[in-house]
1. Please enumerate, by chain and number, the lysines with C-alpha under 26 Å from the C-alpha of K83, excluding those fewer than 8 residues away in the same chain.
2. In nm, what is the difference between 0.36 nm times the number of residues separating L65 and R109 and their Cα-Cα distance?
3. Averaged per residue, what accessible area in Å² does region 32-113 show with a 1.4 Å probe, protein chains only?
4. For V55 and K120, what is the calculated FRET efficiency with R₀ set at 22 Å and r taken between the beta-carbons, to the nearest 0.05?
5. Report the extension gain between K46 and L75 in nm, rounded to one decimal, defined as 0.36 nm multiplied by the number of residues separating them, less their alpha carbon distance.
6. Amide H of W96: which non-local residues (sequence gap of 5 or more, or other chain) have their own amide H closer than 5 Å, using H built in the peptide plane?
Amino acid sequence: MLKVTLTPGSSAPSGMKAAVFLLLTLLVPAYHTGAQCIIDNVVDLKVQSAIRSIVSSTLAKAKLLCQNVSARGALVSCPAGYKPTGCACGMGCGSWDIRSDSTCHCQCRGIDWTSARCCKIAL
């Protein structure tokens, strides 16, 4: 074991100064980082609470408006602002796709009619 004795007017050995300095450089930022994390957590909770309040009040006003549209042939388009959520095809055809984000297309040959369920969210 190393025994260090300081007499008045003398200074600590350079190794001890370095050890004390190193210890302080590790402990001081850790202390302040913990305080910063607490502040960040409080701010995060406040922001999340405010967002939840705004989102829930907006969603409470939201309504889903839907209508059916049909046409002769293999294509039918939804009215402006509406999006197709499903399609139906005549002649027992079950193969369809949605084109351009607004049009139902029946893929079978000789389709006599096509129908679309079109919806939008109203606030």
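The values are calculated or read from the model by the stated rules, or taken from the named source; none is laboratory data. Worth saying up front: this structure is predicted, and the values here are computed from it rather than measured. Note: ideal-geometry Cβ built from the backbone for every residue, glycine included; neighbour counts use all protein chains shown. Only protein heavy atoms, including side chains, enter the accessible area calculation; ligands, DNA and RNA are left aside. Shrake-Rupley method; radii C 1.70, N 1.55, O 1.52, S 1.80 Å.
1. Partners found: K61, K63, K120.
2. 12.7 nm
3. Details: 5900 Å² over 82 residues.
Accessible surface, normalised per residue, equals 72 Å².
4. Using R0 = 22 Å, I get an efficiency of 0.70.
5. Values: separation 29, 0.36 × 29 = 10.44 nm, distance 5.00 nm.
Result for the pair: 5.4 nm of gain on full extension.
6. Excluding prolines and chain starts, which carry no amide H, the hits are Q107.
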